[in-house]
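Comments concern the structure below.
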Amino acid sequence: MSALDLANQLKTKFGELLSAPSEFRGEVTLKLADAERIAEVCEFAKKSLSYDMLLDLTSIDNYGEDPRWTLVYELYGTGHGCYLRIKTEVSEEKSELPTVTGVWRGADWHEREAYDMMGVRFRGHPDLRRILMWDGYPYFPLRKDFPLAGKPTDLPDVAFTKPAPLEGGPFVTVAGGKDSIAREPRVRVPEN
């Protein structure tokens with residue numbers, strides 16, 4: 001059975017809730033219209049279609065558009081060797097959807113990262129806290145409205161005793177450059 005066949009079974013089960021499967025370069029994608037139903041769709045994909053692995057969960061910031069975020073779930077079935085991508089969207093006002101940690105325990109860290117970097121919350125998550133940034137960090141650094149140069153801040157007794165060194169980063173990539181070292185992402189000091 002192919003990934004397209006499995007995607008069509010998922011579409012048959014959930015009807016208008018899912019888009020028709022689209023295939024591009026051998027990858028099959030379904031779009032879920034209601035993010036509130038993501039856990040239910042993923043549970044069916046695991047139990048009935050044998051997608052036993054959540055390979056990745058990523059978030060895309062569509063800054064300036066509504067809904068603001070697209071969440072992308074990359075699934076894989078070890079038994080049949082098929083991949084499936086499920087996309088759903090979440091608005092900035094809501095910025096919350098149900099967790100899928102009850103379906104795949106490995107979703108724990110993926111959801112924590114999406115929360116930490118983008119601010120998307122997962123209702124029912126067993127331990128939704130920062131995973132890369134320190135507790136108390138006030139920003140979400142992968143949002144498109146977060147400046148590449150960073151933001152100045154003073155966070156005493158959180159991560160440092162002096163102002164946190166946010167200026168100049170996280171990392172800035174320079175397009176072009178004379179060699180790979182010049183193009184390498186790194187903290188850049190503004191030139192005067």
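Just so it is clear, none of the values below were taken in a lab; they were calculated from the coordinates. Computed from a predicted model, the values in this text were never measured in an experiment. Ideal geometry is used to build each Cβ from the backbone, glycine not excepted, and the neighbour counts take in all protein chains shown.
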Subject >> Built amide H within the under 5 Å cut-off of L55, gap 5+ >> reply: E74, L75, Y76
**OP:** At 7 Å along the Cα-to-beta-carbon direction for both K178 and S91, put a label point, then send me their distance in nm to one decimal.
**Re:** 5.3 nm
Original post:
Taking a 21 Å limit on the Cα-Cα distance, which of the listed pairs K46/K94; K13/K94; K31/K144; K13/K46; K11/K94; K46/K87 fall beyond it?
Top reply: K46/K94; K13/K94; K31/K144; K11/K94
**OP:** Starting at the first residue of the stretch 135-140, write each ³J(HN,Hα) from the Karplus equation 6.51 cos²θ - 1.76 cosθ + 1.60 with θ = phi - 60°, in whole Hz, x for Gly and Pro.
**Re:** 4, x, 5, x, 10, 10
Subject >> Sorted by Cβ density within 10 Å, fewest first, the residues S19, S59 >> reply: S19, S59
Subject >> Interchain or long-range residues, amide H under 5 Å from N62's placed H >> reply: W69, T70
Original post:
About its Cα centre, what dipole magnitude does the stretch 1-68 give when the only charges are +1 on Lys and Arg Cβ and -1 on Asp and Glu Cβ, stated in debye to the nearest 20?
Top reply: 240 debye
Subject >> Cut-off under 5 Å, modelled amide H: who pairs with C82 long-range >> reply: G77
Subject >> Full-extension gain in nm, R143 to E23, via 0.36 nm per residue minus C-alpha separation >> reply: 40.3 nm
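Suppose every Lys and Arg Cβ carries +1 and every Asp and Glu Cβ carries -1, with no other charges. What dipole size does the stretch 3-138 come out with about its Cα centre, to the nearest 20 debye?
Charge dipole, the stretch 3-138, about its Cα centre: 320 debye, nearest 20.
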